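See below for the structure under consideration.
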Amino acid sequence: MGITDKVRQYILQILFPAICLNCKSYLEKEQQGQALCSQCFGEIELVRSQPGLIAIGLYRNAPLQALIHGLKFKHFTHTLPQIEALIVKYMEEGYMPHDHYDLITYIPLHPQRKRQRGFNQAELIAKILGKILNLPVVSTLRRVRRTKEQSSIRNTKERLNNVRDCFALGDATAVKNKRIILADDVYTSGATISEAAKVLSQAGVEDIKVFVLANVG
Ligand SMILES: [Zn+2]
């Protein structure tokens, strides 16, 4: 490492002290660059997939929630390697169903919201999954109108109304007779995902499995 690299690293450490997003402890030298310390990462409990829904863990698990929150609200892209490691671990433990899939797609953001946020977290998760499973990631859906954040609405009926007919399909031939994985970050009431699945089913998708990092339920 040259002098300038050392100076640069020193400045970065002052600006962004390497602390764990969950327990806020300083990271050991060998853990620096990680989003969670190794202990917190190890405390993420994996849960078995249910029919139709693959959720890595539960949202009430604090380290998992910190990891997702860091990605979604703080633009911490350094969370991505541990998200990938978590998905790999999930598969190695045998929690992922050994089904055949053709492609991975994801819940889109409205273009305006994507511009504000700078990225779509569901798309990033789909890309990690695509890399691990060696499957193409295809953008199939688009938002045709803006909706409120589902997490800001408590009432189930209002959540359903909020997302009703908010999606449209781009190219129906891309999904017809295909077995697909639909990725998102968190499964909350299922209203958004059901709405997206409805549009995909109408286009003749053969099978849809939902993949999320965390299930609120
Ligand atoms: Zn920690």
List every residue pair whose Cβ atoms sit under 7 Å apart, with the two residues 6 or more apart in sequence or on different chains, where the first one lies in the range 94-118 and is in a helix (DSSP H, G or I) and the second, anywhere, is modelled with pLDDT of 90 or more and not hydrophobic (A, V, I, L, M, F, W, C).
114/120
Quick check on this structure: which one of 96, 91 is closer than 28 Å to residue 197 by Cα, surrounded by fewer than 16 Cβ atoms within 10 Å (Cβ to Cβ) and among the aliphatic types (A, V, I, L, M)?
91
Within the group 101, 95, 26, 106, which residue is over 22 Å from residue 141 (Cβ atoms), away from the ligand (no atom under 16 Å from the Cβ) and aromatic (Phe, Trp, Tyr)?
95
So, of the residues in the range 156-178 that are within 11 Å of residue 201 (Cα to Cα) and not aliphatic (A, V, I, L, M), which turns out to be surrounded by the most Cβ atoms within 10 Å (Cβ to Cβ)?
178
Take the range 29-54 and flag every residue that is part of a loop (DSSP other than H, G, I, E, B), more than 8 Å from the ligand (Cβ to nearest atom) and among the aliphatic types (A, V, I, L, M).
35, 44, 46, 47
What do you reckon, is residue 57 within 16 Å of the ligand (Cβ to nearest atom) and of a type outside the set (Phe, Trp, Tyr)?
yes
Subset of the range 135-153, residues in contact with a helix residue (DSSP H, G or I) (Cβ under 7 Å, 6 or more places away or on another chain), under 17 Å from residue 111 (Cβ atoms) and outside any strand (DSSP E or B), comes to 140, 146, 147, 148
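The values are calculated or read from the model by the stated rules, or taken from the named source; none is laboratory data. No experiment lies behind these values; they were computed from the predicted model shown. Reconstructed Cβ throughout: ideal geometry from the backbone, glycine too, with neighbour counts over all protein chains shown.
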